[in-house]
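Just so you know, all these numbers are worked out from the coordinates, no wet-lab data involved. Predicted model, so just to flag it, every value in this text is computed and none were measured. So basically every Cβ, Gly included, is an ideal-geometry build from the backbone, and we count neighbours across all protein chains shown.
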C-alpha cells in the first residue's frame, strides 16, 4: 500500500525538513538545496513524496492525488472557504511557521471603519492572495457591494488608491506595515499536517503521521523577517497623474535597464528594502511595484494607466475577459519565452490530435495543469479536448507531470528544464516578451499626452536596444 | 464515456413536463384571475442585489452560484438567480417605479448549492408579488390566491402557518443586543435554529422567556397573542397587524396556525410571514417585505408576495389521465421511400392542422394509443383510406377536401 505525501517548498521547507529528519522517514532528499521534486524513502519502500508550492498542497490532497500533506493552515482555510465539502482532514498543528491573516485598511485612506462598510453604496475593493477568504469576509460582514482582486502578491501596496482593504498575511514577528491599520484579525495559522479524507478512513497512515507528530524540535532561531518598507504616506495622485506599474521579481533588472536607456529616473527600484512605491523624475507620474501577473486586470479596471508585464499575462487576462480594455501598447522585446503544451516523454503523443484521442479515451478526462488557467482552458477548448479539467498551479508546474496531470501549459526559454524533467513539447501556443500595456482609450483621455510621451521614450529606448 | 447530468441538476421528462405544464397553467390562471401580470427576469443578476443586510441570510449567501462574467474585470461578481422575489423587486425599481401599484407574477428557476447533490440545486417556483401597498387586504389577498391555486391543483391537507417578522425583531430589540448581534440571532432564527436563543445570557431572561414562549406556542386562534400583547407594549403594533390578518382570514373561513418560529430563510421580511405545507412538506411561503425596495435603492415602496415550490408540488400531482382516444388526433401513413406519396402526406397534415386537427406522419412502427383515426395514402384511387379505430369502421376519400368533410362529420 503506497502512501503519498506532498511537502512544501518555500518558507516552510527548512523547518519541515528538520522535523522529517528527526521523524526518520528516510526522506533525506528533502532539504533546502534539493533540485528534485520527487523523493522516495530509504526507510519505507511504499512512501513517496513530492514537493509543491505550499498553496497547491491542500488542493492536491483534497482531490486525492496525495494521502498526506504539510502546509500552512491559511491555505487550507482558503480552499475550504470556497469548497467547504473538500475531502480534507486537518490532522495536527505542527506548531511552526506561525503567522496571522489580517484585513487591513490604509491609515491614510482613513475613515473607512468596518461597521460603516455595510451601509456604503460604493464598491469596496479588497485586494488579496486569499480571494476566497476575502469573499467570505465580505459576505459575513454584509458588505453591500464589493470587488475582490485575486492577487499573486503585494496586496499591502494596493490601499488606499487601488483598494479600500487588503487581506494580508504576516509571519510571526514580522511588523505590520505602518501605512496600514488592521480592521480585523481573520485567523492565526501555522504548519499543519493534513490528510485526504478517504485515505484517512481507508489507509493505515498512523505510522507516518505519528512519526511526524512526535518529531517536535525547538524551532530554529527565526530569522527576523525583513522590515517591509514603511513608505511615507502617499498623497492621493491628482486626477491627471499617470499611474505606472512596474514589475517585482526577476523582471526588475531588464526593466531597470530599459528605464535607464529611456532616461527615466526611478529611485529605489529594484528596492533592497522592499519599497513598492519608488519615486521618479517624470513629472505627474506615480509608480507602484506589483506582480506582473496582476497588472492586466489592474489596468483594465482603471487602477493603473500603464504597466510593464509579459504578453503571456495579458493573454491570460484577455482570455478570461475578452472585451477587456487592456491592450499591448509596445513590445519591449526582452524576456523572450515560448508558451508551449507539454506532456511526459513516456506518453505516445506527438501533437494535439493525439491528445484529443487520449482525452476521449479516458473515463475521468484529461488533467491540464498550468499557472495560466485561462490560456490552458482556451487551448483545451480550441483543440476539442472533450472532457478535461484545468488544475491551477502556483509554480514548479513541471513537477505535476506525469502523476498529477497529463498536459502542462508552461513557458520555456530554452526547453532545457522541461527536458531535464523528461517532458516534451507537443505544441507552440505563442511567443511572449515583456510589453507595455495600457487602456484602449488611454491616448484620448486627459492624461493622453503624458501617456504618449512615456510610450515614445520607451519606444526610442527599445529601438536603441536593437 | 458516460454522459451524466451535473450533480444536483435534474431533467424533466415528457411525463414530468405534462405535470409541470399543468402546474404552470393552473398557477398562471389563478394569478390572472386576481389581476396579476406575468414577468420574466434574467437568470443572471448582480451579486450585490443579494448581499446587503435585509436580503438573503449569510447561510444562503454562502451557497449561491457566483462567478465573474466575461466582462467582470472590475472584480464584482454576478450570480445565478438564488431567489425569485429580489429580481422582481429590481425589475420594479428599473422599469415600473412610476406606476405605483404593481401586481406581478412569475414562474422561474432558482439556484442554491446543496452539498450532497441528492437534493435539487436548481428549483422551480411560481411566485406573485404585490408591490405598492401596505394593507392587511394585500397580505390576505396573497394568502387566498395561494390557497386557491393549491385547491385548483387538488392538493389535500394544506396547512397555513402565520408568523410575523416584526414580532421577532421587536423582541430581539428588547433583549438589549447590539444591532449586529440582533441581526445574527434573527438570521439564526430565520434559518430554523431556534436553539440559538438558549445561548443568550441569563440576564436577559425575562425577555428571553417571552421570546421562547412566542416561538414555542403553536395556536389555532389569535387569543394567546392578545395575552402576549398585554405583557409587552413594544409588541403591540406587529401583533395587532398579525391579529388583523389572521382574523380576516378566519372570517373568510380559512384555518391557520399561529407559529412565530415558522418564518425562515429570508431576511427581507418585515411583516406577516406565511408558510404553506402539507404532510410536513413545505409547498410554499411568503410575506411582507416593506424595506426591501428602499434598501435596494428604490423609493420607499411597501410590498408583499409569496412563492409556491413547484418541485414539491410536482411530487404531489398525478398526470391527468388523458381521454382514451381523441377524435382530433390523426396518424398519417405515407410510405417514406415514395416521394410522391410522402408529399401528399405532408399536404394532408398541413390542411388538417389548419382545420384544427392534430395530425402526424407515422415514422416508427407503432401507432400512439390515444389517436382515433389512421389515414393511409395509396398509390392509386381512392387516394386516402381512413380507419376509425374507435368505431372500427373504414372509409375512403379521393381528395384532401373530402377527407376533411368526412372527419368533420364522423368526429362529431
Open item on the list: I need two numbers for region B:14-316: Rg to one decimal and Dmax as a whole number, Cα atoms only, in Å.
Closed with: 19.1, 60
Open item on the list: With 10 angstrom as the radius, rank A:203, B:320 by how many other C-beta atoms surround their C-beta, starting from the fewest.
Closed with: B:320, A:203
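Rank the residues A:35, B:77, B:223 as a footprinting-exposure proxy: fewest other Cβ atoms within 10 Å of their Cβ go first.
Fewest-to-most Cβ neighbours within 10 Å comes out as A:35, B:223, B:77.
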Open item on the list: Need the C-alpha centroid separation for region A:10-81 versus region A:326-401, integer Å.
Closed with: 25
TODO: May I ask you to derive the FRET efficiency for residue A:198 and residue A:382 from their Cβ-Cβ distance with R0 = 41 Å, giving the value to the nearest 0.05?
DONE: 0.75
Task: Residue with peak Gaussian network fluctuation, chain B [Cα springs, cutoff 10 Å], from B:101, B:292, B:231 - done: B:231
TODO: Between residue A:140 and residue A:420, with labels modelled 7 Å along Cα→Cβ, what's the label distance in nm to one decimal, could you check?
DONE: 4.3
Task: C-alpha long axis of helix B:136-152 to longest principal axis of chain B, angle in ° - done: 40
Open item on the list: On alpha carbon coordinates alone, what is the Rg over Rh value for region A:337-432, Rh being the Kirkwood radius?
Closed with: 0.92
TODO: Report, as an integer, the average count of C-beta atoms from other chains found within 10 Å of each Cβ along A:73-86.
DONE: 1
Open item on the list: Can you give me the distance in nm between label points at residue B:7 and residue B:299, each placed 7 Å from the Cα along the Cα-to-Cβ direction?
Closed with: 4.8
Task: Most fluctuating residue given options B:359, B:183, B:251, as computed from a GNM of chain B linking Cα atoms under 10 Å - done: B:359
Open item on the list: Please give the Cα centre distance for region B:23-55 versus region A:293-323, rounded to the nearest Å.
Closed with: 38
Task: Dimensions in Å of region B:326-410 - Rg and Dmax from alpha carbons - done: 11.6, 32
Open item on the list: Just want the ordering: A:71, B:6, from fewest to most Cβ atoms lying within 10 Å of their own Cβ.
Closed with: B:6, A:71
TODO: Evaluate the distance, in nm, between pseudo-label points positioned 7 Å from the Cα of residue B:347 and of residue A:430 along their respective Cα→Cβ axes.
DONE: 5.9
- [ ] Report, in degrees rounded to the nearest 10, the 0 to 90 angle that the Cα long axis of helix B:165-174 makes with the longest principal axis of chain B.
- [x] 20
- [ ] Estimate the FRET efficiency between residue B:122 and residue B:236 by the formula 1/(1 + (r/R0)^6), using the beta-carbon distance for r and 41 Å for R0, to the nearest 0.05.
- [x] 0.45
TODO: Counting residues in region A:262-408 as N, plug N into 2.2 N^0.38 Å and put the Cα Rg over that result.
DONE: 1.31
- [ ] Write down, largest first, the equivalent ellipsoid semi-axes of the protein assembly as shown in whole Å, where each equals the square root of 5 times an eigenvalue of the alpha-carbon gyration tensor.
- [x] 56, 41, 30
TODO: Count, for each residue of B:63-73, the Cβ atoms from other chains sitting within 10 Å of its Cβ, then give me the mean as a whole number.
DONE: 4
Open item on the list: Let me make sure I get this right: for region B:1-115, a, b and c are the square roots of the gyration tensor eigenvalues over alpha carbons, sorted descending. Under 1.5 in a/c it's rounded, otherwise prolate if a/b > b/c, else oblate. Which is it?
Closed with: oblate
TODO: Assign one of three labels to region A:1-75, namely rounded, prolate or oblate, based on the Cα gyration tensor with a ≥ b ≥ c the square roots of its eigenvalues; rounded applies when a/c is under 1.5, prolate when it is not and a/b is larger than b/c, and oblate otherwise.
DONE: oblate
Task: Prolate/oblate/rounded label for region B:270-412 (Cα gyration tensor, a/c 1.5) - done: prolate
Open item on the list: Between helix A:252-262 and chain A, what is the angle of the helix's C-alpha long axis to the longest principal axis, kept within 0 to 90° and rounded to the nearest 10?
Closed with: 20
TODO: Please report the orientation-averaged projected area of chain A, defined via the convex hull of its C-alpha atoms, in nm².
DONE: 23.2
- [ ] Order these peptides, B:271-281, A:336-346, by their mean beta-carbon neighbour count within 10 angstrom, highest first.
- [x] B:271-281, A:336-346
- [ ] Throw me the Rg/Rh for region A:401-442, computed over C-alpha atoms with Kirkwood Rh, two decimals.
- [x] 1.16
- [ ] State the extension gain, in nm to one decimal, for the chain segment bounded by residue A:441 and residue A:240, taking 0.36 nm per residue of separation less the distance between their alpha-carbons.
- [x] 70.9 nm
Open item on the list: Need one value for A:321-327: mean number of C-beta atoms belonging to other chains within 10 Å of its residues' C-beta atoms.
Closed with: 3
